[in-house]
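Read through the structure below, which is laid out as structure tokens, and then see the notes.
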Amino acid sequence: MSFEPVVLFFVLGVLAGLLRSDLKIPAAIYEALSIFILLAIGLKGGVELAKYPVASLIGQGLIIVAIGALIPLIAFPILHRLGRLARADAASIAAHYGSVSVVTFSVGLTLLGHEKIDYEGYMIVFLVLLEMPALVIGVLLARWGVGGVRWGKMLHEVFFGKSIYLLVGGLVIGFVAGPEGIKPLDKLFFDLFKGVLALFLLEMGLVASTRIAALREYGAFLAGFAVVMPLISATLGTVAGWLLGLSVGGTFLLATLFASASYIAAPAAMRIAVPEANPALSIGASLGMTFPFNIFLGIPIYLWMARTIHGG
Amino acid sequence: MSFEPVVLFFVLGVLAGLLRSDLKIPAAIYEALSIFILLAIGLKGGVELAKYPVASLIGQGLIIVAIGALIPLIAFPILHRLGRLARADAASIAAHYGSVSVVTFSVGLTLLGHEKIDYEGYMIVFLVLLEMPALVIGVLLARWGVGGVRWGKMLHEVFFGKSIYLLVGGLVIGFVAGPEGIKPLDKLFFDLFKGVLALFLLEMGLVASTRIAALREYGAFLAGFAVVMPLISATLGTVAGWLLGLSVGGTFLLATLFASASYIAAPAAMRIAVPEANPALSIGASLGMTFPFNIFLGIPIYLWMARTIHGG
Amino acid sequence: MSFEPVVLFFVLGVLAGLLRSDLKIPAAIYEALSIFILLAIGLKGGVELAKYPVASLIGQGLIIVAIGALIPLIAFPILHRLGRLARADAASIAAHYGSVSVVTFSVGLTLLGHEKIDYEGYMIVFLVLLEMPALVIGVLLARWGVGGVRWGKMLHEVFFGKSIYLLVGGLVIGFVAGPEGIKPLDKLFFDLFKGVLALFLLEMGLVASTRIAALREYGAFLAGFAVVMPLISATLGTVAGWLLGLSVGGTFLLATLFASASYIAAPAAMRIAVPEANPALSIGASLGMTFPFNIFLGIPIYLWMARTIHGG
Amino acid sequence: MPDQNMLLLTIVTESVLEDTLIDEIMALGARGYTITDARGRGTHGLRSGRWSVSSNIKIEVVGDAALVQRIVERLQAQYERDYGLLMFTCPVELQN
Amino acid sequence: MPDQNMLLLTIVTESVLEDTLIDEIMALGARGYTITDARGRGTHGLRSGRWSVSSNIKIEVVGDAALVQRIVERLQAQYERDYGLLMFTCPVELQN
Amino acid sequence: MPDQNMLLLTIVTESVLEDTLIDEIMALGARGYTITDARGRGTHGLRSGRWSVSSNIKIEVVGDAALVQRIVERLQAQYERDYGLLMFTCPVELQN
Ligand SMILES: Nc1ncnc2c1ncn2[C@@H]1O[C@H](COP(=O)(O)O)[C@@H](O)[C@H]1O
Ligand SMILES: Nc1ncnc2c1ncn2[C@@H]1O[C@H](COP(=O)(O)O)[C@@H](O)[C@H]1O
Ligand SMILES: Nc1ncnc2c1ncn2[C@@H]1O[C@H](COP(=O)(O)O)[C@@H](O)[C@H]1O
Ligand code: NA
Ligand code: NA
Ligand code: NA
């Protein structure tokens, strides 16, 4: 099975937390690392996008967003009906799983690099597209029949939240500047990307270690959901990618995107838009369980799925 | 007209501020980025200086400093007489415009790189030399006839303020170490320079967005000054560079230096030395207006001016 | 005598402190730089370790740790009997000098690079091994006959303190990933190492400048100790390295390790384990005196010693 | 020494509310506020301050009793149910 | 406005004690605490806040007199001798 | 519990004054001080804390009434006119 050394930094972080090491990454550094990762991914996407006729991607993009929108709609009844979670909590968790994780996606990218597998460069554009709709759907689910969506505030939070703002901003700059114009920035944003990702995973591990306990509190159902849901979403992504004619690498990335759960954009947006939802539940599940599951087991499984469906 | 993608990061920052995105660059990161830029520029200057016979630069340096000293002396009466600003405010603003902006200069440098235009490497030394005198002149203008200059405190602030201290320190280290000795540091200080500049411009945009409103408050006169003054100074620089026999690149850099207004060294020094001046005025003008004017319109204009005077 | 430009950044920091410049490196950046350096050194050591049959190093490692353990046992009576320092203070200082300084070691490494001298890559493993035992011995010395070692807390502090945790963690990741697996991280952790070291030395200088005064307060004895002790330890290291058949570079690095005094791991561990010791004494001596002595004079001397004993 | 009896209202809450609460407080008539970053623990569990989702801020407002009461009532009504929130007051003497 | 008379205990001490003191405070029955990073000067000299060895924290605990007394006594007995430590109290009115 | 009645003087002002004010406060006889980084808004407008030019600090000094009065008077005379400055006091009980 494929293995990427960068995930060891996550383990280092989790162990530091569990062993109560005094290792701490200052909040300012966490912010800086996440700004770097979001901008770098956006720029990379923009540069790739500049290579393709944008119009030709609109159709595929719409289909992928539509399929992606199914994920929160599948997750919500599972959580609300089956899991008996309160409407707000179920909706907020559904939004987290419908949205995507830039770091999980980045680990997927490094695996492709490691295994020397090609992929459609414009997949990063879909990352940006997929981040938002689930958040809006989550708010709608939370307010269904209850009323009182503060649309203005919510949409502002979704579109101008730092996460999506930096991804889109990077995308536009990368697109406008093109591969040549962006070149002098390569040394910072592209060459250092994987090292910064390693440091970010270290911090994610530290944070996740405090979330694992929280998750335990909420019982087996949520933990089970946090493992099963990504597998469902990845299957959806694999089939969708294959039907859309993506390559093995592209199919794998789409499955990884669908399977990943947000823990940067979604928590901030949900805290404002659905404040009565308990953030410990959604972050415990997405960061404490799904994220490690994805980077250690999920990603190799999704690569196997992509290869299998392409008959490899 | 020449266009440098790195300035798009400034736009991204300004928009984030105006659209009230929650994007924030932590203060610690701002400090780190500015320390990096000041040190890197200083080192680069020192390495360049090591290539020239220092003695031969002293004459040119003195002339340039003397001409540069005219800028606050031109700016002050415009602000005080014409603009009817209080003596202290006029003096403080004059000091900001007489001093220079490392970031504006850096954007000028990247444009030369982009356009593959050579320049005299020792220009960076002039950057360092030009940063200080205007601050002293500003204090003198503020205290003229009023008395009570706390010289000790003021000169200390000017020379040991972090901005000039790091520039000079970097210059000396670069000079002592020389191109060979500095080589292992290249990967950090020179290769990453432009990427770090992009991040700094993002932050500058965020800060500038909060200053634009302040500027509006103080009316059309100051806004007009913030556009006209750099053009006057750039003209002075272009003619001076040409008379001194600088190349097109060198002339352009001198014009850019003269045209740029300080917003790192000057605000700190003026706050201590001329505390009765309102910092909202000087920073609003220099960062909210002149800085964006320079990087978007001024710099291309100054390059055109340098080319024109050299008959290109 | 050999000279390494990177130490000039330490001078720049000390002068900034003494001249009361307002230059400050934010605490968050200090933390980030130290995390980077510890991880990078650990990773480098792990990659090197992967090249050697680990079993063959165990014997040598044990001998070196045993000799290294002599250092605090030599230092303690000097401080307690001769210097009439309180038991706790003497024990704490002995622990600092028995442990090692990653930054001093790094300056030694850059000198070898500069002089193009080879060394046994696994020396970094000894750095990790040597960091801990002296801390335990220090606590034992402090509590000898007094009783009341809170072993649990102390050992936890020693092993899971961020410093040793990151070194060991980096070592394991580097070892598991191997040279190939670590490659994409090279651009961050190895290429930028020296530049980051320069920035860290700048900060160390700033901190040290505040310690020099403290040291003066405690008189000539401690200052003398801070210069003589490293020379004793380095002699021990030089002889040990030569007897163990290390190369000139390896012998030099061992001498440098022995001569260096900790100021990251030891202060934190001693503050918890021997709280009645005055940290101003140990940090004043190790950072205010021994560290600059080592990087400016000690390191060239130790290189000369290593060359001499190898008959070069 | 001047003798202006005022109250200091201290609010500890989630960082995510910073912009919103500032708007509320200024709209209710405060002449200023001071904010510091914080971390802590309360009925909503640990807030480690390690990432923005889990950070607190401390907002301090000096004002008269009427202003403080308006702010307290507004925050109780609007944010207490859903957000980590602690508010307490203490009489202070303004010195300038 | 509710009228719950409580004490605010402010503790300024060395950052290295953060985890230890939090455990003590919670074990003694506090329902919460708030921490901010600080620097300063006192009888133990300058604490510049420039690196972790030389940083302070400010811990604030709102509680009744009995809890505050338990915490104060414990910290006096256990940490006052060896560590930089300042503790003071001030009556506050809880507002939620 | 000891019963040492003291005042806590809180000063909120511009970061640029940190070194200067520390010198003043110690020269006036304070035995210590505690500083935290802050941001805020007052009569001098928004201080966002985003860069050093626009940052505040909060200085806290525990001392007797005479010391506090000396500091207040000095700061009023020397800095109030030109700098953002807020000062207020509150009686506290020293606990160690
Ligand atoms: N008893 C207390 N003493 C001091 N700070 C508290 C206390 N209770 C809560 N806090 C602070 O207020 C925040 C929100 O409180 P809560 O709503 O109880 O979770 C916590 O994260 C703490 O920072
Ligand atoms: N008089 C004081 N006013 C305000 N803070 C103080 C005072 N004395 C001490 N401190 C703070 O408490 C810390 C520890 O005090 P000490 O144990 O006296 O060194 C210092 O580093 C200061 O941050
Ligand atoms: N009413 C207030 N309540 C709390 N903090 C204030 C208040 N007024 C001013 N401040 C703080 O004191 C600083 C300086 O105040 P000023 O001189 O009024 O601009 C502001 O930036 C705020 O941080
Ligand atoms: Na998803
Ligand atoms: Na200028
Ligand atoms: Na040693």
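Brief remarks follow.
- B:GLY298 vs. criteria among the small types (Gly, Ala, Ser) and more than 16 Å from the chain's Cα centre (by Cα): no
- Scanning the stretch A:107-122 for residues that are assigned to a helix (DSSP H, G or I), crowded, with 19+ Cβ neighbours inside 10 Å and of a type in the set (Ser, Thr, Tyr) turns up at least one hit.
For every residue, the table says whether it meets (1) in contact (Cβ under 8 Å) with a residue 12 or more places away in the chain; (2) crowded, with 21+ Cβ neighbours inside 10 Å; (3) among the small types (Gly, Ala, Ser).
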site: C:PRO133; (1), (2), (3): yes, no, no
site: C:LYS162; (1), (2), (3): yes, yes, no
site: C:TYR165; (1), (2), (3): no, yes, no
site: C:GLY169; (1), (2), (3): yes, yes, yes
site: C:VAL172; (1), (2), (3): yes, no, no
site: C:ILE182; (1), (2), (3): yes, yes, no
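- Inspection of the stretch D:81-95 finds no residue satisfying the criterion of being away from ligand 2 (no atom under 16 Å from the Cβ), without any contact (Cβ under 8 Å) to a residue 60 or more places away in the chain and in contact with a strand residue (DSSP E or B) (Cβ under 7 Å, 6 or more places away or on another chain).
Let's see how each residue does on (1) in contact with a helix residue (DSSP H, G or I) (Cβ under 9 Å, 6 or more places away or on another chain); (2) under 28 Å from A:LEU281 (Cα atoms); (3) of a type in the set (Lys, Arg); (4) away from ligand 1 (no atom under 14 Å from the Cβ):
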{"site": "D:ILE11", "(1), (2), (3), (4)": "yes, yes, no, no"}
{"site": "D:ASP23", "(1), (2), (3), (4)": "no, no, no, yes"}
{"site": "D:ASP37", "(1), (2), (3), (4)": "yes, yes, no, no"}
{"site": "D:GLY42", "(1), (2), (3), (4)": "no, yes, no, no"}
{"site": "D:TYR83", "(1), (2), (3), (4)": "yes, yes, no, no"}
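Per-residue answers, yes or no, for (1) over 19 Å from C:SER163 (Cβ atoms); (2) free of Cβ contacts under 8 Å to residues at least 24 places away in the same chain; (3) of a type in the set (Val, Ile, Thr); (4) within 16 Å of ligand 4 (Cβ to nearest atom):
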site: C:THR238; (1), (2), (3), (4): yes, no, yes, no
site: C:SER260; (1), (2), (3), (4): no, no, no, no
site: C:LEU287; (1), (2), (3), (4): no, no, no, no
site: C:THR308; (1), (2), (3), (4): yes, yes, yes, no
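- Within the set A:ILE212, A:ILE173, the sole residue that is at pLDDT below 90 and either part of a helix (DSSP H, G or I) or closer than 21 Å to A:GLY288 by Cα (or both) turns out to be A:ILE212.
- Of the set (1) touching a Lys or Arg at 6+ places or on another chain (Cβ under 9 Å); (2) away from chain D (no Cβ under 14 Å), all apply to A:PRO292 but (1).
- Answer residue from the stretch F:53-80, given it is at the interface with another protein chain (Cβ under 7 Å from one of its Cβ atoms) and farther than 27 Å from E:LEU85 by Cβ and is farthest from the chain's Cα centre (by Cα) among those: F:VAL53
- Counted as qualifying within the stretch B:1-101 are the helices (runs of 4 or more DSSP H) with 3 or more residues that are within 14 Å of chain A (Cβ to nearest Cβ) and within 17 Å of the chain's Cα centre (by Cα), namely B:27-49.
- Selection count where residues are away from chain E (no Cβ under 11 Å), under 19 Å from F:ASN56 (Cα atoms) and not in a helix (DSSP H, G or I), scope the stretch D:1-15: 0
- Residue in the stretch F:16-35 that is farthest from the other protein chains (Cβ to nearest Cβ), counting only those that are crowded, with 20+ Cβ neighbours inside 10 Å and under 11 Å from the mean Cα position of the chain (by Cα): F:LEU21
- The selection criterion, being more than 12 Å from chain F (Cβ to nearest Cβ), in contact with a strand residue (DSSP E or B) (Cβ under 6 Å, 6 or more places away or on another chain) and not acidic (Asp, Glu), does not hold for E:GLY49.
- Hey, C:THR110 more than 16 Å from ligand 1 (Cβ to nearest atom), within 14 Å of another protein chain (Cβ to nearest Cβ) and of a type in the set (Val, Ile, Thr) or not: yes
Matching residues to (1) surrounded by fewer than 22 Cβ atoms within 10 Å (Cβ to Cβ); (2) more than 14 Å from every other protein chain (Cβ to nearest Cβ); (3) among the small types (Gly, Ala, Ser):
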site	(1), (2), (3)
C:LEU222	no, yes, no
C:VAL227	yes, yes, no
C:PRO230	no, yes, no
C:GLY241	no, yes, yes
C:LEU254	no, yes, no
C:PHE258	no, yes, no
C:ASN278	yes, no, no
C:ILE283	no, no, no
C:THR308	yes, yes, no
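- Complete set of residues in the stretch A:266-276 that are within 7 Å of chain D (Cβ to nearest Cβ) and farther than 22 Å from A:ARG216 by Cβ: A:ALA268, A:ARG271, A:ILE272, A:PRO275, A:GLU276
- For the condition at pLDDT below 95, more than 16 Å from ligand 2 (Cβ to nearest atom) and not polar (S, T, N, Q), B:VAL207 qualifies.
- Some residue of the stretch D:36-44 being in contact with a Gly (Cβ under 7 Å, 6 or more places away or on another chain), modelled with pLDDT of 95 or more, more than 11 Å from chain E (Cβ to nearest Cβ) and not in a helix (DSSP H, G or I): no
- Close pairs (7 angstrom Cβ cut-off, 6 or more residues apart or separate chains): among the basic types (Lys, Arg) in the stretch B:80-107, away from ligand 6 (no atom under 16 Å from the Cβ) anywhere: B:ARG87/B:HIS80; B:ARG87/B:ALA142
- Qualifying residues in the stretch B:187-198 (those that are more than 8 Å from every other protein chain (Cβ to nearest Cβ) and part of a helix (DSSP H, G or I)) - the one surrounded by the most Cβ atoms within 10 Å (Cβ to Cβ): B:LEU197
The values are calculated or read from the model by the stated rules, or taken from the named source; none is laboratory data. Just so we're clear, the structure is a prediction, and the values are computed from it rather than from any experiment. As a convention, Cβ positions derive from the backbone with ideal geometry for all residues, glycine included, and neighbour counts pool all protein chains shown.
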